[in-house]
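Everything below concerns the one structure shown next.
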Amino acid sequence: MIPLQVLAVASEAFPVIKTGGLADVVGALPAALAPHGIAVRTLIPGYRPVLAALPRARTLQTLELMGAPARIRAGKVGDLDLLVLDAPHLFDRDGGPYSAHGVDFPDNPLRFGALCQAAAAIARGALAGEGGPGWRPDLVHAHDWQAGLTPAYLAYDGGPPMPTVFTVHNLAFQGWCPASLLGPLGLPPEAFGIEGVEYFGGIGTLKAGLRLADRITTVSPTYAAEITTPADGQALDGLLRTRRAALSGIVNGIDTAVWDPAADPALPARYSGPAARARGRNKAALQAAMGLAPKLGTLLFGMVSRLTEQKGIDLVLEALPAILGHGAQLAIVGTGDPAFEQSLRTAAATHPGRVAVRIGYDEGLAHLMQAGIDALLVPSRFEPCGLTQLCALRYGAIPVVARVGGLADTVIDANAASLAAGVATGIQFLPVSTQGLVNAIDRTAALHAGAEAWRRTQRNAMRAQVGWARPAAAYAALFRMVVHG
Ligand code: ADP
Ligand code: GLC
């Protein structure tokens with residue numbers, strides 16, 4: 001069977017550049033799709049760390065983008081077959097992928113517009129070569145608003161239909177820019193309409209992807225349903241209702257080789273199965289690393305998260321008395337909104353040894369957290385999928401999650417029925433409020449006190465299927481359907 005050739009387009013891909021779960025998904029999907037006869041090449045921007053990770057990248061093509069020359073270069077990192085858009089005028093700068101010192105780059109629409117233009121050029125054969133061994137995709141898979149204009153360029157360039165799939169990882173980030181950028185983005189006037197890129201009087205790059213791709217996926221079935229409602233549709237629910245037949249949800253996996261408690265280099269003690277003793281050693285190491293009191297029997301709650309409104313950080317701060325009331329500890333690793341960072345620092349200073357916070361991004365500590373905490377809090381107001389609860393399941397940390405989006409689809413609440421059936425893997429709660437979270441914390445403490453039920457829930461959690469096998473099969477089937485009809 002000749003593999004189906006897919007061009008993935010995204011602004012992040014683990015391990016070369018990551019700010020969140022998008023990078024994990026984009027980084028893991030290609031290897032998971034390979035056994036299904038799908039060959040993926042992934043186009044990402046040539047930010048400094050990306051180029052540094054690919055010192056020997058070959059130049060495949062040069063093109064003019066947003067008024068200056070750019071190169072499409074190729075290189076491999078592990079299983080990832082990367083195409084890198086090396087455009088120094090857009091990507092060679094200090095800071096992260098989207099911002100520096102907490103301020104978004106003002107030219108983000110043009111930076112990611114250029115990424116989409118490069119993707120469309122590749123889809124149209126820019127790498128096909130003249131007689132030589134070239135490459136041409138059968139399908140384009142674009143991720144989130146940064147890649148959302150890709151289907152638009154392909155819709156308005158006068159070329160033949162090109163199969164496209166657009167995956168939305170988070171409807172909250174919509175990539176809006178003023179209509180005056182239509183020309184600079186190289187979009188024709190006829191693109192500026194309700195059936196095209198127009199969105200609230202300007203250009204909506206997320207909207208463009210949702211409107212113009214052949215198929216839309218999001219990262220869980222529950223989120224796919226939620227976003228067609230006014231309450232969770234972030235003003236796009238009307239459009240999504242009209243496209244309901246093209247919309248589906250596929251739950252994310254995690255890379256079970258990277259997240260493997262039996263082989264994780266970040267852990268002082270590796271383990272498979274609930275292995276209380278090994279988890280105890282990791283807990284002790286975590287308590288020491290975070291400056292928490294060295295108490296093994298104490299229920300230790302943790303959080304690994306971007307610190308934003310979405311993630312319910314304020315709810316955790318408000319529920320702190322409940323956590324401390326149970327004599328429990330709390331450890332948080334995260335970065336984000338400066339106001340949340342400051343409130344968390346204050347909470348840690350107020351309760352030394354019982355509340356600990358590490359502000360920053362630390363991959364190794366994220367692993368140690370999952371192996372050392374007893375329960376992971378994920379009180380998100382909305383959550384398209386969520387990956388940290390999947391890591392928690394695999395590491396035997398009990399996820400305590402809001403029953404929304406992918407959290408609803410990946411955790412089995414330890415209620416009377418599921419405990420009797422022996423299938424519980426965590427705790428879910430609604431409403432997503434301080435009281436809802438407090439109730440869930442109380443339930444967690446009660447479950448923890450009944451050692452046998454806790455152990456059983458941990459065992460179930462560690463057996464949950466959180467890898468890419470099932471989701472990859474679903475993506476592969478979808479891609480084939482879009483290409484072959
Ligand atoms: P989102 O993409 O909305 O931030 P996800 O749960 O889908 O949420 O993915 C978050 C990913 O980022 C996970 O792999 C998690 O372990 C990781 N992560 C988040 N914050 C940190 C941090 N401060 N340090 C290390 N890893 C982090
Ligand atoms: C987004 C979502 C998160 C999801 C991730 C990967 O960042 O917020 O829920 O897991 O994308 O799809």
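The values are calculated or read from the model by the stated rules, or taken from the named source; none is laboratory data. The shown structure was predicted, so the numbers you read here are calculated from the model rather than taken from an experiment. In this analysis, Cβ positions are derived from the backbone assuming ideal geometry, glycine residues included, and neighbour counts consider all displayed protein chains. These area figures cover heavy atoms from the full protein model, side chains too; ligands, DNA and RNA do not enter into them. Shrake-Rupley method; radii C 1.70, N 1.55, O 1.52, S 1.80 Å.
The single condition among (1) open to solvent by 50 Å² or more (accessible area, probe 1.4 Å); (2) within 16 Å of ligand 1 (Cβ to nearest atom); (3) in contact with a strand residue (DSSP E or B) (Cβ under 9 Å, 6 or more places away or on another chain) that K18 does not meet is (3).
Any chance region 68-89 includes a residue that's within 16 Å of ligand 2 (Cβ to nearest atom) and open to solvent by less than 10 Å² (accessible area, probe 1.4 Å)? No, region 68-89 contains no residue that is within 16 Å of ligand 2 (Cβ to nearest atom) and open to solvent by less than 10 Å² (accessible area, probe 1.4 Å).
Scanning region 271-302 for residues that are open to solvent by 20 Å² or more (accessible area, probe 1.4 Å), modelled with pLDDT of 95 or more and in a helix (DSSP H, G or I) yields a total of 6. Restricting E383, E341, E318 to those that are among the charged types (D, E, K, R) and buried (at least 24 other Cβ atoms within 10 Å of the Cβ) reduces the list to E383. Out of all the residues in region 214-258, which are within 16 Å of ligand 2 (Cβ to nearest atom), touching an Asp or Glu at 6+ places or on another chain (Cβ under 8 Å) and assigned to a helix (DSSP H, G or I)? Correct list: P221, T222, Y223, E226. Scoring V219 on the criteria (1) β-branched (V, I, T); (2) under 19 Å from Y156 (Cα atoms); (3) in contact with a Pro (Cβ under 7 Å, 6 or more places away or on another chain) leaves a single failure, condition (2).
With respect to (1) surrounded by 19 or more Cβ atoms within 10 Å (Cβ to Cβ); (2) in contact with a Leu (Cβ under 8 Å, 6 or more places away or on another chain), the lone exception for Q458 is condition (2).
So that you can scan it fast, the table gives a plain yes or no per residue for (1) under 23 Å from L60 (Cβ atoms); (2) of a type in the set (K, R); (3) within 17 Å of the chain's Cα centre (by Cα):
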| residue | (1), (2), (3) |
| --- | --- |
| R136 | yes, yes, no |
| T150 | yes, no, no |
| D157 | yes, no, no |
| P163 | yes, no, no |
| T167 | no, no, yes |
| N170 | no, no, yes |
| P184 | no, no, no |
| E190 | no, no, no |
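A single member of T218, T205, T164 is at pLDDT 95 or above, within 19 Å of R381 (Cβ to Cβ) and either in contact with a helix residue (DSSP H, G or I) (Cβ under 6 Å, 6 or more places away or on another chain) or surrounded by 22 or more Cβ atoms within 10 Å (Cβ to Cβ) (or both), and it is T218. Contact map, region 324-344: residues that are more than 15 Å from R358 (Cβ to Cβ) and within 16 Å of ligand 2 (Cβ to nearest atom) paired with residues that are open to solvent by less than 30 Å² (accessible area, probe 1.4 Å) and of a type outside the set (V, I, T), Cβ distance under 9 Å, separation 6+ or inter-chain. Pairs shown: D337/L307.
Can you pull out the residues in region 9-49 that are part of a strand (DSSP E or B) and under 15 Å from the mean Cα position of the chain (by Cα)? Before you say what the answer is, go through the steps one by one.
Within region 9-49, the first condition is being part of a strand (DSSP E or B), and the residues that meet it are 9, 13, 17, 38-45.
Passing the criteria: V9, A13, I17.
Would you confirm whether or not region 100-122 contains a residue that is assigned to a loop (DSSP other than H, G, I, E, B), farther than 24 Å from S248 by Cβ, modelled with pLDDT under 95 and open to solvent by less than 40 Å² (accessible area, probe 1.4 Å)? For region 100-122, residues assigned to a loop (DSSP other than H, G, I, E, B), farther than 24 Å from S248 by Cβ, modelled with pLDDT under 95 and open to solvent by less than 40 Å² (accessible area, probe 1.4 Å): absent. Contact annotation: residue pairs with Cβ atoms under 6 Å, 6 or more positions apart or on different chains, pairing a residue in region 373-386 that is under 13 Å from L437 (Cα atoms) and away from ligand 1 (no atom under 12 Å from the Cβ) with a partner that is in a loop (DSSP other than H, G, I, E, B) and not hydrophobic (A, V, I, L, M, F, W, C), are P379/G312.
Considering only region 308-361, give the helices (runs of 4 or more DSSP H) lying wholly within it that have at least 1 residues that are at negative phi and small (G, A, S). Steps first, answer last, please.
Working: elements: 313-318, 320-325, 338-350.
Correct list: 320-325, 338-350.
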